[in-house]
Amino acid sequence: MKIRPQRPSPRHSRHPSAAERSAPVTDPQHHQDGTPVQITPYDPNREPPGLADPVFQVSDLSVFYGDYEAVRDVTMSIGHRQITAMIGPSGCGKSTVLRCFNRMNDLIPGARVNGKIAYHGEDLYGDHVDPIEVRHRIGMVFQKPNPFPKSIYDNIAYGPRVNGVRRGLDDIVEEALHQAALWDEVKDKLKDSALALSGGQQQRLCIARTIAVKPEVILMDEPCSALDPIATAKIEDLMHNLAQQYTIVIVTHNMQQAARVSDRTAFLTADVDKAGVRHGRLVEYDLTSQIFTTPQDERTEAYITGRFG
Ligand SMILES: Nc1ncnc2c1ncn2[C@@H]1O[C@H](COP(=O)(O)OP(=O)(O)OP(=O)(O)O)[C@@H](O)[C@H]1O
């Protein structure tokens, strides 16, 4: 697969999206005693990154499970080194679309994709494209932390070893754990089982495991839904830092989270057709600040103000 080589380089620091400053839905998360959990704010001087030279260009994407068209006609671009959130009511197809970005839907019997997803201009579903290679470039973090029943070290080293890396593993493991903001907590127990970590630590371990194979894109499917507010805040902080080097797409049910972490937000919903069948649709896609302050579509407004969904 010809994919443009990626060379992570430091990006200027993060901005606070206007959403964070003015969104009507920015309830902070709270500790058990009621005090708000602090999340490092974006840099107020940073402009939202643009969509020139997008990582993905999605055109007329429809996804079927057997005969059922779960998602219909999605067209959008995903920008480089920024965080794109996908929000919408349950069943509107957020996870389905997310899984298309690294061909995880290939693993679901009966799943089929129509339309096109270009990755740096290359057809991601082209005949010549190796889905395994795609998943190296485009990693995924799931809702429930899923460490392997191995040591912390071996979890991180697993991907590089599979890729044939034999030397420098210690450095790779340390760097990935640093990037995932977990090093200080685990550096003295790298040989301990990953299963002994807390849920939040396990999720950061899974992020470190993803980073260790040096992807360009990290897909996150509800990465905080199984975590408490403090662990959630750590992951959100981590996302702000990771977006300096990686392109992140996150599915979240938590609108406050989308408003806090993302540069751009896609709102999806499910329309019911004449036959009474629901199909997921992209309703609106814009800067997060726009979506949460001046949405253009009344369905988006109804959703973000809690009137449906
Ligand atoms: N493996 C599958 N086989 C058949 N139908 C599926 C499969 N996965 C999802 N669907 C259907 O596709 C539609 C979209 O599901 P999807 O999980 O993508 O939505 P979602 O917006 O992520 O939902 P949620 O927020 O509840 O996770 C739903 O009607 C769902 O039942």
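Can you list the lysines whose alpha carbon is less than 18 Å from that of Lys189, not counting same-chain residues fewer than 8 positions off? Partners found: Lys150. Starting from the Cα of Lys116, draw a straight line to each of the lysines and keep only those under 18 Å, dropping any in the same chain fewer than 8 residues away. Within reach: Lys2, Lys94. All other residues whose Cβ lies under 12 angstrom from that of Ser198 are scored, Lys and Arg at +1 and Asp and Glu at -1, for a net of 0. Taking a ≥ b ≥ c as the square roots of the Cα gyration tensor eigenvalues, segment 79-234 comes out oblate, since a/c reaches at least 1.5 and a/b does not exceed b/c. The alpha-carbon of Lys187 sits under 16 angstrom from the alpha-carbons of these aspartates and glutamates, leaving out residues fewer than 8 places away in its chain: Asp154, Asp170, Asp171, Glu174, Glu175.
Exposure check, 1.4 Å probe, all protein chains in place: Tyr158 carries approximately 100 Å² of accessible surface. Once you list every other residue whose beta carbon is under 14 Å from the beta carbon of Ala231, what net charge do they have if Lys and Arg are +1 and Asp and Glu are -1? Surrounding charge for Ala231 is -2. Put a dot 7 Å past the Cα of Thr294, heading toward its Cβ, do the same for Arg112, and the two dots end up 4.4 nm apart.
The values are calculated or read from the model by the stated rules, or taken from the named source; none is laboratory data. Source: prediction; values computed, not measured. Using ideal geometry, Cβ is built from the backbone for each residue, glycine included, and neighbour counts are taken over all protein chains shown. For accessibility, only protein heavy atoms count, side chains too; no ligands or nucleic acids. Shrake-Rupley method; radii C 1.70, N 1.55, O 1.52, S 1.80 Å.
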